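Working notes, structure below.
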Amino acid sequence: MIEALEKIQDFNLTQLEELAADIRQQIISVCLKNGGHLGASLGTVEIALALHRHFRSPAEPIIWDVGHQAYAHKLLTGRWSRFDTLRKFGGLSGFLSRAESEHDVFGAGHSSTSLSAAIAAAWTRRKTQSWTAAVIGDGGLTAGLALEALQQVRGLELGPLLFVINDNQMSISPNVGATPALLGGGRAAEYFDALGIDYVGPMDGHDLGQLLGFLEGLRKNYLGRPVALHVLTQKGRGYEPAEENPSGYHGISPLISGALPPSADLKKPKPLSYSEVFARQVCEWARRDPKVVAITAAMPEGTGLSLFAQEFPERFFDVGIAESHAITFAAGLAAQGWKPVVSIYSTFLQRGIDQLIHDVALQKLGVIIAVDRAGLVGPDGPTHHGSFDIAYTKMIPGAHVYAPASEASLKEIFVQLEARGIPDGPVFIRFPRGSAPLVLSENLFDDGEGCYWLQTGPLARTRGPGFNGTLASTKTWDPGVETLVISVGHSLPKVLKALGRMPDAFQALLVHVETIKPLSKKLLGLASNANSPRRVIVIEEGIRSGGFGESFASAWAERSSVSGDLPRFKLIAYPDRATPHGGLAEIDREAEVDEDTILRALGGV
Ligand SMILES: Cc1ncc(C[n+]2csc(CCOP(=O)(O)OP(=O)(O)O)c2C)c(N)n1
């Protein structure tokens, strides 16, 4: 175990190589227990050791791209003894965080920010001999953001600056586009030279002696131009299963104990994930309609679209880590009469907001966007939670925003899109990570506008096989009911559980919203009802600011301004701050969006 960086300054090469082996061992054992980005971090152990041995972090910043490959950096910068808390609630972040360590000079989680941040750091050191280093992967280099940074370098006055290009030929899946040819085709020196950057490489990124020798020479012989050091590394280095399956071991879940589940459970069909249901549905549509195309931004496996890629390789596009381009490319296809379906995780779609507004919505182009991993994602934490998409999709003029809460609902959206055609403008379909319940409760009454209604209480309650077996009701409701509970999208299971824990006498009207925009007129109509509810509770898996609840409350206030009598509103949504990482149940509780919080809001204990 090594807690102080100073120590490695005295190590000889053999000691450093032994330390590399210890670091690998530590990364493997913690990742197998806690889950994490095993493969990427095993590939950068020597890079981290060489950079920390040579540069004086944090005065000489070492800025990592994404941060998923920076575990060795964490271990070397005072976090070894806490490393077993990685990705756990209250423990170390799985990415980089300025709050966690002064050595995490620039936080990360999303890709391709390191070059911009490093150029900025080097500009502030332009009158000094103090170095700045950035480490970026070959995948990270596919992003417009990284290319924009590179093209700014020429002509800038900068302090000594090193870009380490960590080339393992992999993004999460094999890398795409021109970048592999650029790095592997012998033209890299010419390319970087044109950018005003000296190029060195390719060098074996696991040869610690060579890396250290290079860095020593670099400090002595620096010529005043930024340097790109191109190193070749192997994803998963030192752990055979990860070396053999780098894509599968890019990020792993905690290893489940060897015990098999009871045989009855083994026979049960495993519910499909929302992503799988989505991908299958797009494939089915594409079989009937040759104009359907699918687009991913470097996530063919995670989005399920690898299925589409296998069946329709000529209609499938992996554009690299280029979410904004993915959206404009889709808009371009729509402008030519094609039917683009893009799937991007909620958190990464944040990169495409202008393209959604400027290219898709304002031009009224029909583009379907699956917003995968919507809601809290757990151990990946604040950089990855799908918190903002309800707010940033709902605000877009002409958008349709759907939040299906079952396999059946998700399929039905595609049936309708195929039958009626894609409406003008963006069509968002948001769904969470994980498995999709097969159907909604048959007790929910469809209002024909994307909302499902259910009344609980003595009028209606019959304990029966409702959703989760906890709640059932008739299909009628009393318009004068006191409490209106609005559940948005995938919040439904926990809302139903909380309602199921209320006393039998408790009377409420539940409206489950699957169409966030346009909003059901019947639902809003309750506001102008003479006996409108006295209490409205909204539960959503998204940020409070600008979320469904806030805009619903303001629309309600406008409607009910005639009577001047407003109900009490309670919004249960993610607070206006970063939600931490950890187990889903823990962070749900921390953010106060869990079942118990809903129960308390209903008035139960
Ligand atoms: C904006 C954004 N899109 C997608 C991702 C998901 N993602 C995490 S790592 C990664 C691949 C990065 O490849 P590379 O930079 O080559 O690093 P490697 O994992 O190969 O070390 C992707 C696509 C992300 N973090 N940020």
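Okay, here's what the table says:
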read-out	value
Amide H contacts under 5 Å for GLY386, placed H, 5+ residues apart	GLY375, LEU376, VAL377
For the stretch 227-240, Karplus couplings with θ = phi - 60° (6.51, -1.76, 1.60), whole Hz, Gly/Pro x	10, 9, 9, 9, 10, 9, 10, 10, 5, x, 3, x, 9, 3
Exposure proxy order (Cβ contacts within 10 Å, fewest to most) of MET502, MET299	MET502, MET299
Kirkwood-Stokes translational diffusion coefficient of the stretch 274-430, alpha-carbon pairs, 37 °C, 0.692 mPa s, µm²/s	217
Backbone N under 15 Å from the GLU17 label point (7 Å along Cα→Cβ), restricted to the stretch 205-221	205-213
Long-range amide H partners of LYS517 with built H, under 5 Å	VAL401
Dipole of the chain [Lys/Arg +1, Asp/Glu -1 at C-beta], most positive-end residue of PHE89, LEU362, GLN26	LEU362
Mean separation of Cα contacts under 8 Å (6+ apart) over length of the chain, as relative contact order %	11
Surface/4 of the Cα convex hull for the chain, nm²	29.7
Beta bridges per DSSP with both ends in the stretch 5-244, % antiparallel, nearest 5	10
Computed magnitude of the charge dipole of the stretch 274-430 (debye, nearest 20; Cβ of K, R +1, Cβ of D, E -1)	340
Net charge of neighbours whose Cβ lies under 10 Å from the Cβ of LYS411, counting Lys and Arg as +1 and Asp and Glu as -1	-2
Sum of side-chain charges, ALA334 neighbourhood, beta-carbon under 11 Å (Lys, Arg +1; Asp, Glu -1)	+1
Helical mean residue ellipticity (222 nm; -39500 (n - 2.57) per DSSP H run of 4+; nearest 500) of the chain	-9500 deg cm²/dmol
Proxy reagent accessibility, fewest Cβ within 10 Å first, across CYS283, CYS451, CYS31	CYS283, CYS451, CYS31
Relative packing of 585-596, 348-359, which averages over residues the other C-beta atoms within 10 Å, highest first	348-359, 585-596
Relative contact order (%) - the stretch 274-430, alpha-carbon pairs under 8 angstrom, separation at least six	23
Built amide H within the under 5 Å cut-off of MET203, gap 5+	HIS230, VAL231, LEU232
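The numbers here are math on the coordinates, done by the rules we state, and not lab data. Remember, predicted model here, so these are calculated numbers, not experimental data. FYI the Cβ positions are ideal-geometry reconstructions off the backbone, even for glycines, and counts take in every protein chain you see.
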